[in-house]
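Enquirer: Structure below; questions to follow.
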Amino acid sequence: MCGLTGFWNPSSSWGVEKSQFFLREMADKIKSRGPDSQGIWYDQTTGIGFAHQRLSIVDLSSAGQQPMHSSSGNSVIAYNGEIYNTADMRQELEINGIQFRGHSDTEVLLEGCEYWGVEAMVNRCIGMFAFAFWDRKLRRLTLVRDRVGIKPLYWGRCNGVWYFGSQPKSITANPNFDVRVNRDVMARFIQYAYVSAPDCIYQDLQQLRPGHLLHIDENNDTNMVRYWDLPNIAIIQSDKISEASYNDLVGELEALLLDAVDRRMIAEVPLGAFLSGGVDSSLVVALMQANSTQKVRTFSIGFNEQGYNEADYASEVAKHLGTDHTEMYVSHQQVLDLVPRIAEAYDEPFGDSSQLPTQMLCSLTRKEVTVALSGDGGDELFAGYNRYLVSEHLRKGYANFPRSLRKLSAGFLRSIKPSAWDSIGKLIPRGKRPAMLGDKLHKLAAVIGLDDFEQVYPALLEYWSHAVVPRAGDPISPIGWSEGASAVSNTTMRMQLMDMLSYLPDDILTKVDRASMDVSLEARVPLLDHRVVEFSLRLPQSAKLVNGRGKLILRDVLDRYVPRELIDRPKMGFGVPLDAWLRGPLRDWAEDLLDPINLRDDDMFDVAPIRRRWDEHLSGQRNWQYSLWNVLMAQSWRRNWL
């Protein structure tokens, strides 16, 4: 795994020395993504410059250094990622006369892009990647991001210069880039807790969307190409739902996952896996152990706070599979110490509070290994989120109950305070009792009163239903939701598609990328092999969500390796007791950031509604932990970066 950045200044006005200085400064900002070496390349005749920070995983020799020039000298690449099927492509290229200097996947990707063309090459690739490719003959820059969005890539044009990089901080390090906040994007971040592609928090930057590539030519013309069209694939796959027997589908998925995991175990450095004891991570580790003659290294963290600790479950799974397991119990003070510097790792505002334990887990893992496999993606692909079931019930409610009756029900739910609902909820057995029942019922009240069911799913995920950023446009749903809503007819599949297009790459994968790269750890996600994604889209819904339980087919694959009693329990998020911390040890830190004077700085936030929620949270009237965390992360980001 690595980091890349660069610019194209067609006027070449900065000169060689200054341009090279800028490239080094930009690369230094993302040194943690690749601490092993730095490389820069600049061509004064065209004004194009690449910079690269390398984390050596395969071909540790100098033959793997970047930026890399093709054997013909006609192409240059700066690349972040791993391609897992390079052996076959390398052999084919050698047959066609290409001579290789080393054995890195970078060289295969570079030569393949030159020989077959960039779009044809990336369609051949199995892996995760983001890269910049310069074609000397065409005088054309091409930026590419992998199908699912595992690896990030930002781009934009400011004052006549094109910029690109793995993270925004590599671009804003160039003093010629104007750092201006996009207020509309800030408003959407506050609403949904993440910045959704193609947006970026900076006015003159964008994120390249997953499955896209961008050509920029010497006339400053751009051509955006969608080389992997997930909504269209979903439509095609849904029209040919597999008629194979369920047992055959389980076997097919197991074989596919075994291959996906096996490919991701290729490394010339120590390798391990995250293990929470849940379905997804346990399955990845089980398949790793099945593919290995050595004990797999596994890592988990635990918390002493009841309701937030999965370490015991992970330990039981590790014991059954015979892994070399490392666990660390984290005190709340260790996590709290991390909070003030979280904005440094996340150089855009990021509001998913599971960033904290993820950061701790990556730090623990990096002490022993350089590569770790993760179980991310199972919930989106195989309908694992509870909200899918809730939304399905709501769809039936919208179909069967008139709006007037739904409004009446909403009024009743709101008439009882959240704290009172929590007291009533204590009558429910602990194992079946929803967390934060009162807040969830008040959220439900807001949702069932909506006019149109199409508004329900975005409403379930928003933290603020009204704008708190003055002079911002009306908050809109992330782009993946509008796209996904019209793509397929099945309600649950539609929600999964919405998440695959937005929540998965922009929240889940961004969290893992920033947390792992902050400590120079490469995270690989076998469940998001594009072949697994496409397989999941042709499964009948009965293979995913049955009788209120998601991920049926994943569970049945896992049953072949781990006894169900070790896994079968209510879903637990990877979180921290944020509500209590904001009232306790984090109160002074939060109070400073939420001070009315600080909130009014640059007229960024509407103070009154934020302070109202803060007061209600402190008094215990409501649990506003997540909506307040979004504002706190935005304020912390502003303080750190602006």
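Enquirer: Would a scan of the range 229-251 turn up a residue that is of a type in the set (V, I, T) and free of Cβ contacts under 8 Å to residues at least 12 places away in the same chain?
Expert: yes
Enquirer: Restricting attention to the range 545-582, and to residues there that are buried (at least 16 other Cβ atoms within 10 Å of the Cβ) and more than 27 Å from the chain's Cα centre (by Cα), which single residue is nearest to L356 (Cα to Cα)?
Expert: My answer is L566.
Enquirer: G302 versus (1) more than 19 Å from A523 (Cα to Cα); (2) under 24 Å from the mean Cα position of the chain (by Cα); (3) crowded, with 20+ Cβ neighbours inside 10 Å: which is the lone unmet condition?
Expert: (3)
Enquirer: Continuing with the same structure: How many residues are surrounded by fewer than 16 Cβ atoms within 10 Å (Cβ to Cβ) and either in a helix (DSSP H, G or I) or among the small types (G, A, S) (or both) when one looks only at the range 588-597? Explain how you work it out, then say what you get.
Expert: Here is the first cut: in the range 588-597, the residues surrounded by fewer than 16 Cβ atoms within 10 Å (Cβ to Cβ) are 588, 591-592, 595-597.
Imposing the further condition that a residue be either in a helix (DSSP H, G or I) or among the small types (G, A, S) (or both) reduces the set to 588, 591-592, 596-597.
Residues that pass the stated criteria total 5.
Residue-wise test of (1) in a loop (DSSP other than H, G, I, E, B); (2) out of contact with any Phe, Trp or Tyr (no Cβ under 8 Å at 6 or more places or on another chain); (3) among the hydrophobic types (A, V, I, L, M, F, W, C); (4) within 22 Å of A467 (Cβ to Cβ).
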{"residue": "K169", "(1), (2), (3), (4)": "no, no, no, no"}
{"residue": "N174", "(1), (2), (3), (4)": "yes, no, no, no"}
{"residue": "F189", "(1), (2), (3), (4)": "no, yes, yes, yes"}
{"residue": "C200", "(1), (2), (3), (4)": "yes, no, yes, yes"}
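Enquirer: If we scan the range 123-136, do we find a residue that is outside the structural domain of L528 (by TED's automatic domain parsing) and without any contact (Cβ under 8 Å) to a residue 40 or more places away in the chain? Walk me through it before giving the result.
Expert: Going through the range 123-136, the residues outside the structural domain of L528 (by TED's automatic domain parsing) turn out to be 123-136.
Among the residues that remain, those that are also without any contact (Cβ under 8 Å) to a residue 40 or more places away in the chain are: 124.
Within the range 123-136, one or more residues are outside the structural domain of L528 (by TED's automatic domain parsing) and without any contact (Cβ under 8 Å) to a residue 40 or more places away in the chain.
Enquirer: May I ask you to list the residues in the range 42-89 that are in a strand (DSSP E or B), small (G, A, S) and under 30 Å from L527 (Cα atoms)?
Expert: To start, the set of residues in the range 42-89 that are in a strand (DSSP E or B) comprises 42-43, 48-54, 68-69, 75-83.
If we keep only those that are small (G, A, S) too, we end up with 49, 51, 75, 78, 81.
Hits for the range 42-89 are A78, G81.
Enquirer: Same structure again: Confirm whether G397 is in a loop (DSSP other than H, G, I, E, B) and under 30 Å from T492 (Cα atoms). Before you say what the answer is, go through the steps one by one.
Expert: Numbers: in a loop (DSSP other than H, G, I, E, B): no; under 30 Å from T492 (Cα atoms): yes.
No; evaluated as a whole, the condition is false for this residue.
Enquirer: Taking into account only those residues within the range 90-132 that are among the polar types (S, T, N, Q) and in a loop (DSSP other than H, G, I, E, B), which is surrounded by the most Cβ atoms within 10 Å (Cβ to Cβ)?
Expert: So the first thing to find is which residues in the range 90-132 are among the polar types (S, T, N, Q), and the list is 91, 96, 99, 104, 106, 123.
Those still in the list that are in a loop (DSSP other than H, G, I, E, B) too: 96, 99, 104.
Numbers: N96: 10, Q99: 8, S104: 24.
The selected residue is S104.
Enquirer: Please determine whether any residue of the range 5-14 is of a type in the set (F, W, Y), part of a loop (DSSP other than H, G, I, E, B) and under 17 Å from F177 (Cβ atoms). Don't jump to the end; show me each part of the working.
Expert: So the first thing to find is which residues in the range 5-14 are of a type in the set (F, W, Y), and the list is 7-8, 14.
This time we only want the ones that are part of a loop (DSSP other than H, G, I, E, B), so: 14.
Next, only the ones that are under 17 Å from F177 (Cβ atoms) stay: 14.
Among the residues of the range 5-14, at least one is of a type in the set (F, W, Y), part of a loop (DSSP other than H, G, I, E, B) and under 17 Å from F177 (Cβ atoms), which makes the answer yes.
Enquirer: Is at least one residue of the range 350-357 of a type in the set (D, E, K, R), in contact with a Phe, Trp or Tyr (Cβ under 7 Å, 6 or more places away or on another chain) and farther than 23 Å from I266 by Cβ?
Expert: Narrowing the range 350-357 to residues of a type in the set (D, E, K, R): 352.
Next cut, in contact with a Phe, Trp or Tyr (Cβ under 7 Å, 6 or more places away or on another chain) only: 352.
The next check asks that each one be farther than 23 Å from I266 by Cβ; those that pass are 352.
The answer is yes; a qualifying residue exists.
Enquirer: Among (1) of a type outside the set (K, R); (2) part of a helix (DSSP H, G or I); (3) modelled with pLDDT of 95 or more, where does S520 come up short?
Expert: Condition (2) is where S520 drops out.
Enquirer: Give me the pairs: first residue in the range 162-182 and among the acidic types (D, E), second residue part of a strand (DSSP E or B), beta-carbon distance under 8 Å, and six or more apart or on different chains, which are they?
Expert: D178/C158
Enquirer: Tell me the residue from W641, W629 that is surrounded by 16 or more Cβ atoms within 10 Å (Cβ to Cβ), in contact with a helix residue (DSSP H, G or I) (Cβ under 8 Å, 6 or more places away or on another chain) and over 30 Å from S423 (Cα atoms), please. I'd like the intermediate steps shown before the answer.
Expert: Details: W629 fails: over 30 Å from S423 (Cα atoms).
Being surrounded by 16 or more Cβ atoms within 10 Å (Cβ to Cβ), in contact with a helix residue (DSSP H, G or I) (Cβ under 8 Å, 6 or more places away or on another chain) and over 30 Å from S423 (Cα atoms) holds for just one of W641, W629, which is W641.
Yes or no, residue by residue, for (1) β-branched (V, I, T); (2) assigned by TED's automatic domain parsing to the domain that holds A523; (3) not in a strand (DSSP E or B):
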{"site": "E327", "(1), (2), (3)": "no, yes, no"}
{"site": "Q333", "(1), (2), (3)": "no, yes, yes"}
{"site": "G351", "(1), (2), (3)": "no, yes, yes"}
{"site": "P357", "(1), (2), (3)": "no, yes, yes"}
{"site": "L361", "(1), (2), (3)": "no, yes, yes"}
{"site": "T365", "(1), (2), (3)": "yes, yes, yes"}
{"site": "G375", "(1), (2), (3)": "no, yes, yes"}
{"site": "D379", "(1), (2), (3)": "no, yes, yes"}
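Enquirer: List the helices (runs of 4 or more DSSP H) inside the range 202-300, counting only whole elements, that have at least 3 residues being at pLDDT 95 or above and of a type outside the set (S, T, Y).
Expert: Qualifying helices (runs of 4 or more DSSP H): 246-263, 279-291.
The values are calculated or read from the model by the stated rules, or taken from the named source; none is laboratory data. Fair warning: this is a prediction, and the values are worked out from it, not measured in the lab. Glycine gets a Cβ as well: all are built from the backbone with ideal geometry, and neighbour counts include every protein chain shown.
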